[in-house]
Structure formats: structure tokens, C-alpha cells
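Take a look at the structure below.
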Amino acid sequence: MHILVTNDDGVTHPGLLALVQSMQQVGEVTVLAPDRNWSASGHVKTLHRPIRVRQTELADGTPAFTSDGAPSDCVALAALGFIEKPIDMVVSGINPYANMGDDVTYSGTVTAAMEAAINGLPGIAFSLDSPLDFPGVKDFGPAANIAGQIVKEAAKHELPRNTLLNVNIPFLFLEDIKGLRVTRLGLRVYRNELVRRDDPYGRPYYWIGGEAPTGVPEEGTDIGAMNDGYVSVTPIHMDMSAHDYMDEMQHWDWGNLGG
Ligand code: MN
């Protein structure tokens with residue numbers, strides 16, 4: 001199995017290295033990751049400037065490609081032929097913070113897996129639910145171990161078209177993780193605050209600040225699983241249509257347009 005590894009925190013991030021080393025136990029690995037941090041960059045398609053790619057190596061000497069494109073650009077480049085050998089799976093991460101509920105369309109980690117799905121490849125995003133204010137060096141080892149197990153199992157099944165997997169892993173020792181739950185997206189509670197300040201010329205600028213998001217730890221959701229100490233695997237479909245609401249909308253008064 002030929003696995004493409006990317007991330008949104010940049011090619012030098014330790015979460016990427018941990019995922020690469022884990023994937024090397026599962027198959028042949030190619031790395032193509034951004035040359036800088038694209039966290040919360042959303043699903044990007046770079047069309048109005050050239051994208052450059054160069055060769056580099058990870059901290060353990062593993063050869064890697066890095067580009068000045070977004071995570072989703074890295075996946076598109078690889079899928080469209082920059083990587084000549086056919087890719088069997090795309091994995092993204094390990095992001096140092098959880099990507100749950102409404103985070104998924106903001107997340108560069110998850111949108112890389114979305115880009116895989118759009119290109120007809122199985123894509124899996126991995127995120128570690130570590131606290132924003134964790135002091136010291138984070139151990140991505142347990143999450144990398146779990147990523148290996150999940151990729152091996154996912155490889156045995158054909159993911160449906162336009163479907164990706166979003167995995168969140170509790171920030172616990174391996175032996176303290178209670179198990180795995182297949183979940184749906186939960187409800188994030190953002191605590192954003194608009195911060196307005198003046199620049200040195202007296203002109204206002206704005207910053208989206210505030211505290212880290214919380215969430216509703218409802219049973220059956222990704223947020224609930226994190227809250228209970230379980231690995232969360234959420235299958236995500238790229239069809240965002242509100243199917244349930246289509247019937248209701250047939251009853252709206254569309255005037256002349258309704259026929
Ligand atoms: Mn990130």
C-alpha cells in the first residue's frame with residue numbers, strides 16, 4: 001500500500017513525523033506537506049499563483065517533498081501526477097488539537113482528507129485532543145500507534161465515494177484510552193470575540209480572539225467520545241446538501257418560479 005502523508009502544521013511539525021513513522025510500518029510512504037503552518041486555512045485551491053515544490057528531509061532523515069501550497073493543494077498535486085506512483089490512501093496529521101463538529105471545514109488537516117475524497121482516494125484525518133496550554137513536549141506516540149491500527153483496518157474496506165474519515169484521539173496514555181467509537185459530528189461552541197485595536201497610524205484593525213472552543217459532549221458525537229476518553233472515528237460525506245429539508249422547501253411559495 002502506497003500512503004501519502006500530509007498535514008496542516010507544516011513539514012517540520014512533530015505530529016507529521018510521528019504519523020510518517022507509524023505509516024512506514026503499514027506501507028510505502030510518500031510525504032508531501034506544506035512548508036508552513038496552514039492551520040484553520042479551510043479547503044483551499046490555489047489557482048492564481050504558481051505552486052513550488054522542493055525536496056527536504058524530516059528530522060529522522062526520511063526524504064520528503066514540501067510545497068508552498070495549502071494541505072489540500074499538496075493532496076491535489078500528488079493525486080494529479082506530481083507523485084508518479086499511484087496512491088492508495090491519503091493520511092493527514094497528526095494535528096496537535098482536536099478537529100470536531102464545525103471545525104471540519106476550517107481545518108487544513110481535515111480538508112486535506114476532503115481533497116483526497118474529491119480525487120477519488122480514501123482520506124483519513126488524524127487529530128490529537130491536547131490542551132492548548134499544555135506545557136512541555138507533546139507525545140504523539142499513542143496517537144500514531146492508533147493511527148496505524150485505523151489505517152490497517154480502513155485499508156480492508158472500500159470507503160464509499162466522496163467519503164472520508166475524521167479521527168480524533170484523546171490526549172491520554174495508550175492504556176488509558178477506553179476504546180473506539182464511530183461517531184457523528186457534534187456541536188462546537190465557539191467563544192470568539194472580535195478584538196478591535198488601533199495600529200501605530202491610528203487605523204483600526206481586527207483580530208478574531210477569545211477562548212478555545214468548547215462543545216456539547218452529546219452521546220454518539222465526536223465531542224462526546226473525547227469527553228469519555230474514546231477514540232472518535234467520524235465518516236464524513238462531501239455531500240453537504242440538507243436532504244431532510246428538501247421536502248419542506250417544496251412547500252415554500254416560489255411564486256412564478258414554482259410553476
Ligand atoms: Mn494544525
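Taking springs between alpha-carbon atoms closer than 10 angstrom, which of Lys138, Lys178, Lys156 fluctuates most in the Gaussian network model of the chain? Of Lys138, Lys178, Lys156, the Gaussian network model singles out Lys156 as fluctuating most.
The order of Ile146, Ile83, going from fewest to most other C-beta atoms within 10 Å of their C-beta, is Ile83, Ile146. Going from the residue with the fewest nearby Cβ atoms within 10 Å to the one with the most, Leu58, Leu16 rank Leu58, Leu16. 3J(HN,Hα) along the stretch 20-27, derived from phi through the Karplus expression 6.51 cos²θ - 1.76 cosθ + 1.60 where θ = phi - 60°, amounts to 4, 5, 5, 5, 5, 7, 9, x Hz, with x in place of Gly and Pro. One Cα centroid belongs to the stretch 6-51, the other to the stretch 198-243; the line between them spans 21 Å. Each label point was placed 7 Å from the Cα along the Cα-to-Cβ direction; for Asn256 and Asp228 their separation is 5.6 nm.
Converting phi to 3J(HN,Hα) with the Karplus coefficients 6.51, -1.76 and 1.60 and the offset θ = phi - 60°, the stretch 208-222 yields 7, x, x, 7, 4, x, 10, x, 8, x, 6, 4, x, 9, 4 Hz in sequence order, with x at every glycine or proline. Within the chain, DSSP assigns beta bridges of which about 45% are antiparallel (rounded to the nearest 5). By the count of other C-beta atoms within 10 Å, a proxy for reagent exposure, Leu180, Leu121 are ordered fewest to most as Leu180, Leu121. Here the stretch 38-104 is assigned +1 on the Cβ of each Lys and Arg and -1 on the Cβ of each Asp and Glu. Its dipole about the Cα centre then comes out at about 300 debye. Label sites at Ala40 and Leu174, each approximated as a point 7 angstrom past Cα along Cα to Cβ, lie 3.3 nm apart. Using only the Cα atoms of the chain, build the gyration tensor, take square roots of its eigenvalues as a ≥ b ≥ c, and label the shape rounded, prolate or oblate: rounded if a/c is under 1.5, else prolate if a/b is larger than b/c, else oblate. Rounded shape, in that the Cα axes give a/c under 1.5. Spin-label model, Tyr205 to Met246: label points 7 Å out along the Cα-to-beta-carbon direction sit 4.6 nm apart.
Computed about its Cα centre, the charge dipole of the chain is approximately 600 debye, with only Lys, Arg, Asp and Glu carrying charge at their Cβ. With a cap of 11 neighbouring Cβ atoms within 10 Å, and only residues DSSP puts in a loop, list the GluC sites (Glu not before Pro) found in the stretch 146-202. Within the stretch 146-202, the qualifying GluC sites (Glu not before Pro) (loop, at most 11 other Cβ atoms within 10 Å) are Glu158.
Contact order for the chain, expressed relative to its length and based on alpha carbon pairs under 8 Å spaced 6+ residues apart, stands at 17 percent. Near Arg184, once Lys and Arg are set to +1 and Asp and Glu to -1 for all other residues with Cβ below 12 Å from its Cβ, the sum equals -2. Database remark: amide H of Ala64 closer than 5 angstrom to the amide H of Thr56, Glu57, Leu58 (H placed geometrically; neighbours at sequence offset of 5 or more, or on other chains; Pro and chain starts carry no H). Maximal additional length on extending the Leu47-Glu158 stretch stands at 36.8 nm, based on 0.36 nm per residue less the C-alpha distance. Taking the Cα centre of the stretch 138-259 as origin and assigning +1 to Lys and Arg Cβ atoms and -1 to Asp and Glu Cβ atoms, the resulting dipole is close to 440 debye.
Every read-out reported here was derived from the displayed coordinates using simple, explicitly stated rules and does not represent laboratory data. A quick note: this is a predicted structure, and the numbers were derived from the prediction, not measured. As a convention, Cβ positions derive from the backbone with ideal geometry for all residues, glycine included, and neighbour counts pool all protein chains shown.
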